[in-house]
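A.B. asks: Structure incoming, see below.
Computed from the coordinates by the stated procedures, all read-outs in this text should not be read as laboratory data. Note that this is a predicted model, so its numbers are computed, not measured. Don't worry about glycine lacking a Cβ; one is built from the backbone with ideal geometry, like all the others, and counts go over all protein chains shown.
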Amino acid sequence: MGRISKNQEEQIKRRITMLAEEKMVASEIAEALGISTVTVYRYRDRYNIPMKEASRGRKPNGDRSGQRFDDKVRFLASAGATVSDVAAKLQVPVAVVKAVARKYGIPIEGLN
């Protein structure tokens, strides 16, 4: 893959920043955006994006703090929003919504 345009770079930066603000760790951001973890770390370092560090383990009950983004997806889906509706509302690609819905088992219309 060749170099990306400034516009594409800005979009990736904005998406990484938004997901980092939702307390997602680099591996979750990479999975949601369909990019490598190394790319996420490069953007973090290049643009000084504050990011939650991955924990070495989960709490015994499986709870993880900072799951605000999937809560938003869950809330919108429970209100009858489709994958496209949620993506538009949260200003993220449809692929991000699908990845989060699959990861957290959120039933949502339009998830194939």
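A.B. asks: Using helices alone, I'd like the mean residue ellipticity at 222 nm for the chain: each DSSP H run of four-plus residues gives -39500 (n - 2.57), total over residue count, nearest 500.
C.D. replies: Working: 6 runs with 65 residues, N = 112.
Result for the chain, helices only: -17500 deg cm²/dmol.
A.B. asks: Candidates [x] 7.8; [y] 10.9; [z] 6.7; which is the computed mean projected area of the Cα convex hull in nm²?
C.D. replies: It is the value labelled [x].
A.B. asks: So, one more: Which of Val38, Val92 comes first, and how do the rest follow, when ranked by fewest Cβ neighbours within 10 Å?
C.D. replies: On the way: Val38 10, Val92 22.
Lowest to highest Cβ neighbour count: Val38, Val92.
A.B. asks: Let me ask something else about it. Using a ≥ b ≥ c from the Cα gyration tensor of the stretch 67-112 (square roots of the eigenvalues), is it rounded, prolate or oblate, where a/c under 1.5 gives rounded and otherwise the larger of a/b and b/c decides, a/b for prolate?
C.D. replies: Working: a/c = 1.08, a/b = 1.06, b/c = 1.02.
Rounded, since a/c falls under 1.5.
A.B. asks: I've got another one for you. Just add up the charged neighbours of Gly34: K/R +1, D/E -1, any other residue whose Cβ is under 11 Å from the Cβ of Gly34.
C.D. replies: Values: positive: Arg15, Lys98; negative: Glu31.
The answer is +1.
A.B. asks: Related question: Send over the semi-axes of the stretch 1-53's equivalent ellipsoid, whole angstrom and largest first, taken as the square roots of 5 times the C-alpha gyration tensor eigenvalues. Could the numbers behind the result be given before it?
C.D. replies: On the way: eigenvalues 59, 27, 19 Å².
Ellipsoid half-lengths, sorted descending, are 17, 12, 10 Å.
A.B. asks: Take the Cβ-Cβ distance between Ala79 and Lys13 as r, set R0 to 22 Å, and report the resulting FRET efficiency rounded to the nearest 0.05. If you can, show how the numbers build up before the last one.
C.D. replies: Numbers: r = 30 Å, r/R0 = 1.37.
Approximately 0.15, to the nearest 0.05.
A.B. asks: Still on this model: Hey, fewest Cβ within 10 Å first, where do Met51, Met18 land in order?
C.D. replies: Working: Met51 21, Met18 17.
Lowest count first: Met18, Met51.
A.B. asks: To continue, here is another question. Counting alpha carbon pairs within less than 8 Å and at least 6 residues apart, what relative contact order, in whole percent, applies to the stretch 67-112? The partial results should precede the final answer.
C.D. replies: Details: 45 pairs, mean separation 21.1, N = 46.
Rounded, it is 46 percent for the stretch 67-112.
A.B. asks: Shifting gears a bit: What is the dipole size for the chain, taken about its Cα centre, with +1 at each Lys and Arg Cβ and -1 at each Asp and Glu Cβ, in debye to the nearest 20? Mind showing how you got there, number by number?
C.D. replies: Working: 21 positive and 13 negative charges, 57 e Å.
My answer is approximately 280 debye.
A.B. asks: While we're looking at this one, here's another question. Percent relative contact order of the chain, based on C-alpha pairs within less than 8 angstrom and at least six residues apart? Could you put the intermediate results ahead of the total?
C.D. replies: On the way: 106 pairs, mean separation 26.9, N = 112.
The normalised contact order for the chain reaches 24 percent.
A.B. asks: Sort Asp45, Asp70 by Cβ crowding within 10 Å, fewest neighbours at the top.
C.D. replies: Asp45, Asp70
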